[in-house]
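For reference, the structure discussed in these notes is given below.
Please treat every number below as a calculation from the coordinates, not as lab data. Values in this document were obtained by computation on a predicted structure and should not be read as measured data. Neighbour counts are summed over all protein chains in view; Cβ atoms, including those assigned to glycine, are modelled from backbone coordinates with ideal geometry.
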Amino acid sequence: DNDQQLPKPSNLNDISLINDDPFKQDPDFTLTYDPKKSFTSMVSVDLNKYLHSNQPVKKTLTIPKWADALGKEKKVNFSKLLTEAILNT
């Protein structure tokens, strides 16, 4: 998606819970776990299925006239707003 190169899959035995912590440079996120009592796990992902599921689909939406006018006035992106609302439901 967005013409970005995807990283190659990692060998499960090469992954370190300490060295490969994706949040190690994020000061707002602290992992609280004991690496000696933790383990890595393999996750299989069908990237083609995922990437194709994000293709936009045209939908017709019926809303009150006042909501349409207010949305236009506030420059609301209705598609984005609806998508975010569905994700947060």
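Here are a few things to note about the model shown:
- Residue selected from the stretch 42-63 under the condition touching a residue at least 12 places away in the same chain (Cβ under 8 Å) and outside any loop (DSSP other than H, G, I, E, B), by the criterion surrounded by the fewest Cβ atoms within 10 Å (Cβ to Cβ): Leu47
- Looking only at residues of the stretch 64-86 that are aliphatic (A, V, I, L, M) and loosely packed, with under 10 Cβ neighbours inside 10 Å, we find that the one that is nearest to Asn54 (Cα to Cα) is Ile86.
- Qualifying position, being at positive phi and not hydrophobic (A, V, I, L, M, F, W, C), among Lys37, Lys24, Lys75, Lys58: Lys75
- Among the residues of the stretch 27-41, those identified as assigned to a loop (DSSP other than H, G, I, E, B) and either surrounded by 10 or more Cβ atoms within 10 Å (Cβ to Cβ) or touching a strand residue (DSSP E or B) at 6+ places or on another chain (Cβ under 6 Å) (or both) are Phe29, Leu31, Ser38, Thr40.
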